[in-house]
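The values are calculated or read from the model by the stated rules, or taken from the named source; none is laboratory data. All values derive from a computational prediction rather than experimental measurement. Positions of Cβ are generated from backbone atoms using ideal geometry, with glycine treated the same way; all protein chains shown enter the neighbour counts. Note: accessible area is taken over every heavy atom of the protein model, side chains too, but ligands, DNA and RNA are not part of it. Shrake-Rupley method; radii C 1.70, N 1.55, O 1.52, S 1.80 Å.
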Amino acid sequence: MSVTETTVAESCAAAKRAARALASAPTEAKNATLEATARLLEERSAEILEANAGDLADERAAGLTDALRDRLRLTPERVQAMADGVRALAALADPVGEELERKTLANGLDLRKIRVPLGVVAVVYEARPNVTIDCAALTIKSGNAIVLRGSGYAERSNAALAAVVREALAEACLPEDAVLALGGGGHEDLAELATQEGLVDLLIPRGGEGLKAAIKEVATVPVMYAAAGNCHVYVHAEADPEMARRIAVNAKVQRPGVCNAAETLLIDAAIVDRFAPVVLADLAAAGVELVGDERVRAAAGEVEVGAATDADWGSEYLGLKMAVAVVDSVEDAVEHVNSHGTGHSEAIVTTSDEAADAFVSGVDAAAAYVNASTRFTDGFEYGMGAEIGNSTQKLHARGPIGMRELTTFKYVARGDGQIRE
């Protein structure tokens, strides 16, 4: 189906038909699709990069920030990483049909709780073409169809990538309409997608707070938000200083334009005078613009630190900027995180098990780290093969949204003639 010639509703209906076939597809066919997708990504790498170059050169991308252009940009290495990720996903166990519970009831019924696909998953995302492949691969392996609505900035790239997956589906004799890519339309198309009751079983908006707010205004289908990441690193009074420096810099600098990058550094008051000058110098040397509270600025030495505003504590910069604050205890660090964080990923650096336990149990987040960077909150890093995003909600799924998070369950009861009296 050419989605450019159909309405959103028609595309969702086509995906629903494909979902019924994919739900019962054997693991071998789904894995064959993924293997073909990986092969075609490698074979078509030049075409994909040409499409991506067109997106980057398009006037619609002219006003993008450096962080968003980095998200949009594909390289041979990034295309290869997509192929590698798809192969890794093919190697994982198929979640469909997995037995979650089993028991024999008093009436003799054999009752099993088994994992089944959701049906049609719709994903709305911004300028990250690799999301097209991650989402398509995850839904295929979990037996779901997918409707992809990417940003207009990445329309050429997304179309080229979706075409690869559709060709792979056809090679494996599975319905091509299990993967449908819509053009990057406006708010009307977004609203239409978010209201396809009976066709869309789950909508996942992957983007910033603006996208989340736009979906909340109109959605009538179930929504799982893969939302913003205002992540923190807290350096406790008993932290190893060299470890803390490495973690703080990695969490901010390794790839600043992603949701699991740290946006705020918290330093314990007991060590701020000796630790702040060195870690702030490290961050400044890496090109990070720093803003902080008055205690941090007083301890910064020769490092330039601007005055933080109230808005800075709640900002997801997605770039080389970081807010820094001094806290007086683990409890104060937890209070700061829970007041300003988005429930994504939070880290403490400490040699104290007591402090670590207090932080981990206290922060309201999908992922908590002890002596490690926040940058590990990722479906690939967690052994899920890939992810559709990171859920900051508490119902159904939390953290990386992988294959199992794209399934539900049903109860299957087998009897030998039982009737209820």
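Among the residues of segment 129-150, those that are free of Cβ contacts under 8 Å to residues at least 60 places away in the same chain and open to solvent by 10 Å² or more (accessible area, probe 1.4 Å) comprise ASN130, ARG149.
So that you can scan it fast, the table gives a plain yes or no per residue for (1) among the hydrophobic types (A, V, I, L, M, F, W, C); (2) open to solvent by less than 30 Å² (accessible area, probe 1.4 Å):
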site: ALA284; (1), (2): yes, no
site: GLY292; (1), (2): no, yes
site: GLY301; (1), (2): no, no
site: LYS321; (1), (2): no, no
site: GLU335; (1), (2): no, no
site: ILE348; (1), (2): yes, yes
site: SER361; (1), (2): no, no
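Examine segment 390-403 for a residue that is within 17 Å of the chain's Cα centre (by Cα), over 17 Å from LEU138 (Cα atoms), open to solvent by less than 60 Å² (accessible area, probe 1.4 Å) and hydroxyl-bearing (Ser, Thr, Tyr), and state whether such a residue exists. Checking segment 390-403: at least one residue is within 17 Å of the chain's Cα centre (by Cα), over 17 Å from LEU138 (Cα atoms), open to solvent by less than 60 Å² (accessible area, probe 1.4 Å) and hydroxyl-bearing (Ser, Thr, Tyr). Only residues that are open to solvent by less than 30 Å² (accessible area, probe 1.4 Å) and closer than 14 Å to GLU47 by Cβ were counted in segment 166-200, giving 0.
All told, GLU331 meets the bar of being surrounded by fewer than 17 Cβ atoms within 10 Å (Cβ to Cβ) and within 25 Å of ASP364 (Cβ to Cβ). When segment 368-385 is filtered for residues that are open to solvent by 10 Å² or more (accessible area, probe 1.4 Å), within 17 Å of the chain's Cα centre (by Cα) and on the phi < 0 side of the Ramachandran plot, the ones remaining, listed by number, are ALA368, ARG375, PHE376, ASP378, PHE380, GLU381, TYR382, MET384.
Can you name the number of the only condition in (1) assigned to a helix (DSSP H, G or I); (2) among the small types (Gly, Ala, Ser); (3) open to solvent by less than 10 Å² (accessible area, probe 1.4 Å) that ALA81 fails? Result: ALA81 passes all but (3). For segment 369-421, which positions are outside any loop (DSSP other than H, G, I, E, B) and either under 19 Å from ARG128 (Cα atoms) or of a type in the set (Gly, Ala, Ser) (or both)? Passing the criteria: ARG375, PHE376, ASN390, SER391, GLY399, PRO400, ALA413.
Filtering segment 218-263 to residues that are part of a helix (DSSP H, G or I) and within 19 Å of ASP293 (Cβ to Cβ) leaves ALA244, ALA248, LYS252. Checking each residue in segment 251-264 for being surrounded by 19 or more Cβ atoms within 10 Å (Cβ to Cβ), over 13 Å from GLY341 (Cβ atoms) and out of contact with any Leu (no Cβ under 8 Å at 6 or more places or on another chain) picks out only ALA251. ALA251 meets the stated requirement of being at pLDDT 95 or above, among the hydrophobic types (A, V, I, L, M, F, W, C) and closer than 30 Å to GLY389 by Cβ.
The set of residues in segment 264-301 that are farther than 23 Å from PHE359 by Cβ, modelled with pLDDT of 95 or more and in a loop (DSSP other than H, G, I, E, B) comprises ALA286, GLY287, VAL288, ALA300.
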